[in-house]
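*Asks:* There's a structure below that I have some questions on.
The values are calculated or read from the model by the stated rules, or taken from the named source; none is laboratory data. In this text the structure is predicted, and so the values were computed from the model without any measurement. Note: ideal-geometry Cβ built from the backbone for every residue, glycine included; neighbour counts use all protein chains shown. The accessibility values were calculated without ligands, DNA or RNA, using every heavy atom of the protein model including side chains. Shrake-Rupley method; radii C 1.70, N 1.55, O 1.52, S 1.80 Å.
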Amino acid sequence: MDVKAQVSMLFHLDKCIGCHTCSIACKNIWTDRKGAEYMWWNNVETKPGTGYPTRWEDQETYKGGWEVRNGQARLRSTGKLRGLANLFFNPHLPSMDDYYEPFTYRYEDLFNPEQGDDQPTARPISMVTGKNMDINAGPNWDDDLGGSAIYANNDPNFRALSEPVKQSLFEVERLVFGYLPRICNHCLNPACVAACPSGAIYKRGEDGVVLVNQEKCRAWRMCISACPYKKVYYNWASGKSEKCILCFPRVETGQVPACAHSCVGRIRYMGVMLYDAAKIPAAINAPDDRVLESQLDMLLDPNDPEVLRAARAAGIPEDWLASAQASPIYRFVKEWRIAVPLHAEFRTMAMMFYVPPLSPVTATVENSLVRNSTGSLFHGIDQSRLPLEYLAKLFTVGDVPRLAGILKKQMAVRLYQRQKTVGDVGAEKVEQALREAGCTAAQVEAIYRLTALPTFAERFAMPPYHRERDIETLNDPLSNKQETGFGFRQAPQRGL
């Protein structure tokens with residue numbers, strides 16, 4: 001057992017309101033520089049939709065992630081021979097059209113115009129060329145257009161849906177969608193790291209954060225095509241690749257990442273996960289119907305004595321083990337089994353997890369009037385307006401029963417709390433929901449507590465890094481001269 005620690009984040013999609021506060025917080029801190037105008041390390045997409053960059057999930061085009069050939073996982077985008085052949089021309093890179101041409105406005109035209117008969121306006125100009133332009137795309141251009149004939153029809157996940165399911169989705173046009181916030185997944189088997197010819201991208205051993213060494217980066221951009229989530233970007237001004245760094249300068253000083261700290265809906269949770277690195281080869285080579293379960297099997301119980309012994313032998317500090325035991329991620333993913341990674345079939349072993357959202361009841365249009373398929377306040381999972389097949393393609397590698405089980409457990413929480421607070425559901429219906437979801441009343445109470453009423457400390461069970469102690473030893477060495485003993489003169493403290 002090779003125990004390692006990974007800092008992970010969880011997104012509870014049933015609480016996301018699509019406000020983009022997380023995106024703006026990240027943008028203002030990290031990507032407000034020249035060459036980074038089009039970079040959105042954190043973005044929020046409308047699903048169904050094409051996402052950002054456009055159709056990033058279409059690996060037939062972009063060749064991201066890993067594929068299994070003859071029982072062995074290999075990169076889709078590159079290899080020893082293919083990498084050499086494509087070293088100076090990469091055919092699988094997204095173009096500027098797949099992102100958008102970053103723009104600003106010529107505000108002097110608005111504030112200091114020449115006198116005339118026309119209303120002054122601020123004309124849009126390109127941040128790349130500085131010339132006038134027509135805006136025809138943006139990072140959330142299809143925001144709130146989940147049922148549109150343009151964006152939803154081009155969602156790559158629709159390939160797995162049958163024609164009747166597609167038609168049911170578009171029955172009430174533009175009235176069903178959900179939000180999908182995305183950052184770098186800081187994967188256990190990152191394709192970007194494997195594809196980099198110069199070895200500039202690396203995964204930190206202490207917390208699993210994937211970073212780009214800016215001194216080593218030579219702008220081959222193999223990382224961009226290899227990442228199936230398209231969360232590595234090329235800075236056209238500096239000639240370097242850049243990506244989400246999980247706000248490690250903040251995390252190391254006791255603060256949570258800016259996107260999580262600013263989240264209005266409080267959908268984000270953060271904590272430490274322990275995993276068995278020895279199981280990674282078997283997990284990435286598992287068949288499609290086993291790859292998700294193989295990834296979850298790698299995650300270890302932080303309360304297991306054998307796991308703790310192996311973790312201590314691997315040098316994981318005690319306070320990190322305590323944080324792993326308090327981690328909300330472990331409870332959602334392993335204990336309650338209602339959170340899963342995004343597109344596990346990409347085989348990067350993504351370590352950002354999602355609680356899939358519930359959706360309204362199915363509806364039809366009759367004589368320009370919308371009619372719901374049920375008259376009750378709460379409906380069955382199979383009546384959800386967002387097809388289970390679609391959500392399963394996103395979160396459970398097409399496993400509809402597994403996805404349905406996750407949604408049934410969330411519905412059981414709703415019914416239980418409704419009966420508890422209002423009393424109009426009925427005890428029998430609640431008991432039936434609990435049986436179908438395979439959970440107890442105590443478990444439902446715990447899920448509700450951590451979902452709706454968590455404190456800041458419960459949402460972010462973050463461990464202290466130990467750089468504080470290293471810094472403390474450098475403080476005024478002359479004042480420590482001739483003192484006896486070893487250790488610290490004062491207890492290290494984390495800044496806020």
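*Asks:* For residue 235, what residues show an amide H to amide H distance below 5 Å, using hydrogens built from the backbone and excluding near sequence neighbours?
*Replies:* The answer is 240, 241, 242.
*Asks:* I've got another one for you. Output ³J(HN,Hα) for the range 33-50: one whole-Hz value per residue in order, computed from phi by the Karplus curve 6.51 cos²θ - 1.76 cosθ + 1.60 with θ = phi - 60°, and x for Gly and Pro.
*Replies:* 10, 5, x, 10, 4, 8, 7, 10, 4, 10, 9, 10, 9, 8, 10, x, x, 8
*Asks:* Further question: For residue 355, what is the net charge nearby, where nearby means another residue's Cβ is under 12 Å from its Cβ and Lys, Arg count +1, Asp, Glu -1? List each step's numbers first, then the result.
*Replies:* Working: positive: 15, 268, 331, 337, 409; negative: 14.
After counting each charged neighbour, the total is +4.
*Asks:* Return the calculated 222 nm mean residue ellipticity for the chain, to the nearest 500 deg cm²/dmol, obtained by summing -39500 (n - 2.57) across DSSP H runs with n ≥ 4 and dividing by the residue count.
*Replies:* Computed mean residue ellipticity for the chain: -7500 deg cm²/dmol.
*Asks:* Roughly what % antiparallel, to the nearest 5, for the DSSP beta bridges in the chain?
*Replies:* 90 percent
*Asks:* Collect residues whose amide H, placed 1.01 Å from N in the peptide plane, falls under 5 Å from the amide H of residue 147; neighbours closer than 5 in sequence don't count.
*Replies:* Hits under the 5 Å cutoff: 174, 175, 176.
*Asks:* List the GluC sites (Glu not before Pro) in the range 111-186 that DSSP assigns to loop (not H, G, I, E or B) and whose Cβ has at most 14 other Cβ atoms within 10 Å. Which are they? Walk me through the numbers before you get to the answer.
*Replies:* Details: sites: 114, 171, 173; in loops: 114, 171, 173.
Within the range 111-186, the qualifying GluC sites (Glu not before Pro) (loop, at most 14 other Cβ atoms within 10 Å) are 114, 173.
*Asks:* Quote the accessible area belonging to residue 460 in square angstrom, nearest 10, computed with a 1.4 Å probe and with ligands, DNA and RNA left uncounted.
*Replies:* Result for residue 460: roughly 20 Å² accessible.
*Asks:* Please list, in order along the range 389-396, the HN-Hα scalar couplings obtained from phi with the Karplus expression 6.51 cos²θ - 1.76 cosθ + 1.60 (θ = phi - 60°), rounded to whole Hz, x for Gly and Pro.
*Replies:* 4, 5, 5, 5, 5, 6, 10, 10
*Asks:* Further, regarding this structure: Could you state the number of Å between the C-alpha centres of the range 1-47 and the range 267-299?
*Replies:* So the two Cα centres are separated by 21 Å.
*Asks:* Quick check: at a probe of 1.4 Å, how many percent of the accessible area of the chain sits on carbon and sulfur atoms? Before the final figure, lay out the partial values.
*Replies:* Working: 12010 of 23270 Å².
Accessible surface attributable to carbon and sulfur in the chain totals 52 percent.
*Asks:* A further question follows. In whole angstrom, how far apart do the alpha carbon centroids of the range 127-157 and the range 55-116 sit?
*Replies:* So the separation of the two Cα centres works out to 15 Å.
*Asks:* Would you kindly derive the ³J(HN,Hα) couplings of the range 193-199 from the backbone phi angles with the Karplus curve 6.51 cos²θ - 1.76 cosθ + 1.60 (θ = phi - 60°), listing them in order in whole Hz, with x for Gly and Pro?
*Replies:* With coefficients 6.51, -1.76 and 1.60, one gets 5, 5, 8, 5, x, 9, x Hz.
*Asks:* Summing Lys, Arg as +1 and Asp, Glu as -1, what charge do residues with Cβ under 13 Å from the Cβ of residue 328 carry, residue 328 excluded?
*Replies:* On the way: positive: 266, 268, 331, 334, 449, 459; negative: 335, 458.
Net charge around residue 328: +4.
*Asks:* Collect residues whose amide H, placed 1.01 Å from N in the peptide plane, falls under 5 Å from the amide H of residue 45; neighbours closer than 5 in sequence don't count.
*Replies:* 180, 182
*Asks:* Still on this structure, please answer the following. Which lysines, if any, have their Cα less than 25 Å from the Cα of residue 15, not counting same-chain residues under 8 positions apart?
*Replies:* Residue 15 reaches 27, 47, 230, 231, 334, 393, 408, 409, 420, 429.
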